[in-house]
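Notes follow once the structure below has been shown.
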Amino acid sequence: MRNQRFVCSPLLALLLPVTLVLGCGLKRDWNICAPEEKQPCLPGYVCTADLHCVLAGDGGSDALVTVDSHVATDTTAGGGLDGPVSAGTDGPGGAGSDTAGSSALPDAAMGTSPGLDGSEPDRAPAAVSPDAPVGAVPDAPPVANFPDAPVANLPDASPAGSPPDAAIPDAPIPDARAVDAPGTCSVDKDCPTENPLCLSNRCAKCAGDNDCTGRTGTFDVASVVPDLDGFYWEATCSGNIAVHGKNCPFLPTGSTGATCPTGTTWATRGAIRDTTLNVKGTPGTPYTVSFEVRGVVGTRCYSGGTAAYTGVPTVDGPNNTWYVGGVQANDSIWNTYELHVSPPVPGEANVYYFNAFPSNPNWCEKEATYQVGYMASFKVLGGGTMKFTIHGANCMMQQNCGGNDSSTTCDAPRTIDLSGMSPAASFVQPPVDPVGVNTYYSQWLYFDVKSVTSP
């Protein structure tokens, strides 16, 4: 927009005082006051005795804010006092002066009438937004003094939507300890049989018969009963004697003849086969041997001891036929499976049977064989023996032909599940014994020692 200045004349000053005041370069000195002439100070200022305007309550100021009824000019220190400038025109104010036109000025005051010199009339300036009032910016409200949040409760500063941190488990601490050197130990089971005591972390021998008694703990199976763990006990058919039904010949070990030994008592009659296993460990120390056994055996009855199971046996499933103490019943010709512990363990039965069936109903002499499978335990003394005995008083043995006791032929040899047994069995099922031109199926048992403890 163009800016025009008007040339003042005395005549126009008399006729148009308002226009002269607005259009000319005249301005009032707001530092001077004359109350009697109706020239008071600006609001917030007072007129002193020497007719000067000063801030109310102040002795003076280096900067004044000069405002008339139409235009406001904010002058800062060093900027001087500018005269009123029409809205939209550049005034001669000093550096730092802001000008704003008043939206309340009448049209005549804004120069909308024709120019006095006949020139083109002024155009009304475009509306200009007034400057924000100059003054002290109020202080921001005081910051609230919030208590510190506990550090442990602060959430993770993870980006929005990110998955939570996964808990990192503690890494296992490896065992950096050196393996025991030869002859050193932590417990008795770290020591060999010849030096079974762990004394001050050194393996030592027992000084006397009672030096190693009373020592307790769990022992390595191989250090006490190594031969029983994985022991395969077969009632092998052998010999040339005449047999009938589902029987096979069963002569004493090493015998190939056709004659069954005779005796005056049941204990000396027929075939007796013994297999002896040694007990290691500390001599004289009592050990409890816990085991599992599975296999196929014929029936037999015993008396004077304690049966692990007294119910009715099953024909097709495993039976618990463990029997503690007592003797064979009725001098029967049916085979026994016996265990004799030597030397005797004080307070224990020291004789056990593996194929005990109930006498009622009649299971003592079945013309059949049955599956067994159970866990049991017995005690031995370190340095002793375990004698496993099969006794057939008539030198015959029922074959592994199944549970049909009315059949006269061996038509259903059993195969037993040995999964989970340790060590794993290496023999082939069902075991087969060729004798001359005949093929027979033997009874058998297989052992897995679960633990050895003391006492």
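No lab work stands behind these numbers, since they all come straight from the coordinates. This one's a predicted model, so the numbers in the text were calculated from it and none came from an experiment. Counting neighbours? That spans all protein chains shown, and the Cβs are built from the backbone with ideal geometry, glycine included.
The table below gives the values:
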item: Given K280/K379; K246/K387; K366/K387, the pairs whose alpha carbons are separated by over 22 Å; result: K246/K387; K366/K387
item: Stretch gain in nm, segment T256-R202, where the contour uses 0.36 nm per residue and the Cα spacing is subtracted; result: 14.2 nm
item: Residue-span extension gain [T275 to V432] - 0.36 nm each, minus C-alpha spacing; result: 54.5 nm
item: Relative contact order %, segment 221-454, counting alpha carbon pairs below 8 Å whose residues are six or more apart; result: 33
item: Highest average packing first - 267-276, 389-398, 226-235, 404-413, Cβ atoms within 10 Å; result: 389-398, 226-235, 267-276, 404-413
